[in-house]
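What follows is one structure encoded as structure tokens, with my remarks underneath.
What follows draws every value from the coordinates through simple rules; no lab data is involved. All of these numbers come straight from a predicted model, not from anything done at the bench. All Cβ positions, even for glycine, are placed from backbone atoms using ideal geometry, and neighbour counts span all protein chains on display.
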Amino acid sequence: MSLLSSLKTPASTVAAELRPPRAELDPAAGMDAWIDTYHAVRGLTRRDTYVLLTDSAVGQQEEHNLRHLVANLGDDAPRDQVVPFLTTKHPLDYCLEYADRAWEQGFRSLVVLGGDTTVGVDRCVAHGWQLRQAIRARQPALELGGWANPHKDAIRQVGYLLEASATADFYLTQVVSHHDLPAIERFLGEAARRGLSMPALFGIFYYRSANPRTLDALVPFLPVPREALIRDFQTGASAAEVCARTVRALWRLGILNIYVSNLPVGRAPVVLQDILRRAQGHGLK
């Protein structure tokens, strides 16, 4: 079942966002990193979890995720459960050929984002929707994912998704936390008021610790409820429990479709299973 088909069912859809190995790794380290990635993809998809593979996350040049998947994953994982990301931070020809190859190799969904404008190379087009339009003209059957940020003005964010030019079949959100409930509720309220029916995957970040330096390093790239997270960990909560609290908070709001980012690649299936087990253990699903 493709990601879009799953999102349209009443059941919960769970995905894990993984980062491909960095391009600058030496051959041996790169090989080890990709082996971990392959095992994670296989392990997650066997548990009916979708896998999202990022593209040049936080400005660091990553290996070509599609090329390595095609060359090494083979038929060990269903292609319709693996969803690559593509940002506009590549030449336009590269982006269009990437989408062509994704479809030809059996991938059914592609998340197309603008990409961070503060780091890395320039965008080939100003906005992600422009690239999605160009891809849709070439690959009309490819399911395209967009983006929304519940932390920003809800009226504008929902408005972007409702525009015909959005050219998106589903959307992902910026990561949210159980400490961000007012912003999430504003976004959901505006979406309901304006009749937004596009399926969504809400993002959750797996904070591995409350190390202040680590949290500060994340601030330029995502909204970090720094002090509240530190208090969570100070109570003795584990990383999995802190993450599970966000899962439970989203379930309470009726948000059943989620993706979890920043999982340790080598243990991604086990860690995600632990998070969901903790969330389900409170009887809120």
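Of all beta bridges that DSSP places with both ends in the chain, some 5 percent have antiparallel geometry. Note on residue 126 and residue 270: their simple-model spin labels are 5.0 nm apart, each label 7 Å out from Cα toward Cβ.
The residues neighbouring residue 192, those whose beta-carbon lies less than 12 Å from its own, together hold a net charge of +1 under the Lys/Arg +1, Asp/Glu -1 convention. Counting 0.36 nm for each residue step from residue 8 to residue 156 and taking away their Cα separation leaves a gain of 50.8 nm. Can you compute the modelled spin-label distance between residue 181 and residue 228, with each label point 7 Å from Cα toward Cβ, in nm? Label-label distance for residue 181 and residue 228, simple model: 0.9 nm. Each Lys and Arg contributes +1 and each Asp and Glu -1, all at the Cβ; summed about the Cα centre of the chain, the dipole is approximately 900 debye. The calculated FRET efficiency for the pair residue 164 and residue 48, based on their C-beta separation and a Förster distance of 22 Å, comes to about 0.10. Other residues whose C-beta falls under 11 angstrom from the C-beta of residue 154 contribute a net charge of +2, scoring Lys and Arg +1 and Asp and Glu -1. Amide H to amide H, with H built 1.01 Å from N, residue 203 comes under 5 Å of 173, 176, 259, counting only residues 5 or more places away or on other chains. By the count of other C-beta atoms within 10 Å, a proxy for reagent exposure, 175, 125 are ordered fewest to most as 125, 175.
Near residue 142, once Lys and Arg are set to +1 and Asp and Glu to -1 for all other residues with Cβ below 14 Å from its Cβ, the sum equals 0. For the chain, a Gaussian network of Cα nodes joined below 10 Å ranks 149, 262, 211 by mean-square fluctuation, and the top entry is 211.
Taking all Cα pairs closer than 8 Å and separated by 6 or more residues, the relative contact order of the chain comes to 19 percent.
Our estimate of slack between residue 197 and residue 209, defined as 0.36 nm per intervening residue step minus the Cα-Cα distance, is 0.7 nm.
Exposed loop sites, defined as GluC sites (Glu not before Pro) outside DSSP H, G, I, E and B with at most 11 other Cβ atoms within 10 Å, are absent from the longest region of the chain, namely 25-162.
Label sites at residue 116 and residue 92, each approximated as a point 7 angstrom past Cα along Cα to Cβ, lie 2.6 nm apart.
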